[in-house]
1. Taking the conditions exactly as written (out of contact with any Lys or Arg (no Cβ under 9 Å at 6 or more places or on another chain) and closer than 17 Å to residue 237 by Cα), does residue 114 satisfy them or not?
2. Is it true that residue 97 is under 13 Å from residue 230 (Cα atoms), open to solvent by 70 Å² or more (accessible area, probe 1.4 Å) and in a helix (DSSP H, G or I)?
3. Applying the selection to the stretch 109-132, what residues are within 24 Å of the chain's Cα centre (by Cα) and part of a strand (DSSP E or B)?
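The values are calculated or read from the model by the stated rules, or taken from the named source; none is laboratory data. Everything numeric here is computed off the predicted structure, so don't read it as measured data. All Cβ positions, glycine included, derive from the backbone under ideal geometry; neighbour counts span all protein chains shown. We work out accessible area using only protein heavy atoms, side chains counted, and drop any ligands, DNA or RNA first. Shrake-Rupley method; radii C 1.70, N 1.55, O 1.52, S 1.80 Å.
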Amino acid sequence: RIFAVQLNPLPQSSDVGAVIVLHDNTELRRLENIRREFVANVSHELKTPLSSIMAYTETLQRGAVNDTEIRDSFLSRIAEQGGRLNNLIQDMLSLARIEDQQQTFDIEAVDIAQVVMRSVDDSRPQANSKSIELVTPEDLSPVVVQADEEGVRVICNNLIDNAVKYTPAGGRVEVRWSKQGPQVLFEVIDNGPGIPRTDVARVFERFYRVDKARSRELGSTGLGLAIVKHLVQSFGGTVGVDSTVGHGSRFWVQLPMV
Ligand code: ADP
């Protein structure tokens, strides 16, 4: 534990000379460290794409602009890095809003079957481009949870999108849901690279990535799962992952039923 020591002299008339007061600062220090780490992470994450944009721009200004092939290639990289900055800022803002509980949720009856199938449709082009088999349930009858529809959409999108993103070409991603007592269990199962045991506990932390270089290459922000966790908790649910390296991952979410 971390203590702040305060020495208080007492009036001369008293028997003792001074009193030492110990303040337990452990929690304060922990929060301060989290804040400092967050600021460092944000600066780093913003600086990386920004440095690329500046480097490409300077090279173009120094004459590369006259070579049409280089110019087009650099311009598309600048646009790509700009897109990354935009995603990052959007994700940071939505995470901050959820964490500060400023986000107002419209808690209503949401049919998980419909929302999941829409997310699956959004991920289909990317899955097709990598020949990933996207498996969905045959029974699409409504299964209704108590949550905010847009929030559930973000949860489903992030988990399905990750599974498709991290699973190599030719792989398989299965999406399913089932009633489990008063809860609905939603699962996204892939046969991708899996997550090492030491990282599993940390993937829901902001900016945590198992393979930084590879994740960045895939245009990721490292914030998707942190957003998922906060949304699920806001709806009174739980989220987790079971994973085996070389075999794949199973991300699951439990949400209260109506
Ligand atoms: P990112 O934007 O990097 O995808 P996330 O918060 O969504 O951020 O995920 C955090 C990290 O968890 C990822 O960088 C990746 O290393 C790992 N991860 C997430 N989903 C999967 C998955 N289905 N298979 C393997 N690794 C995953």
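1. When the stated conditions are applied, residue 114 does not pass them.
2. yes
3. 110, 111
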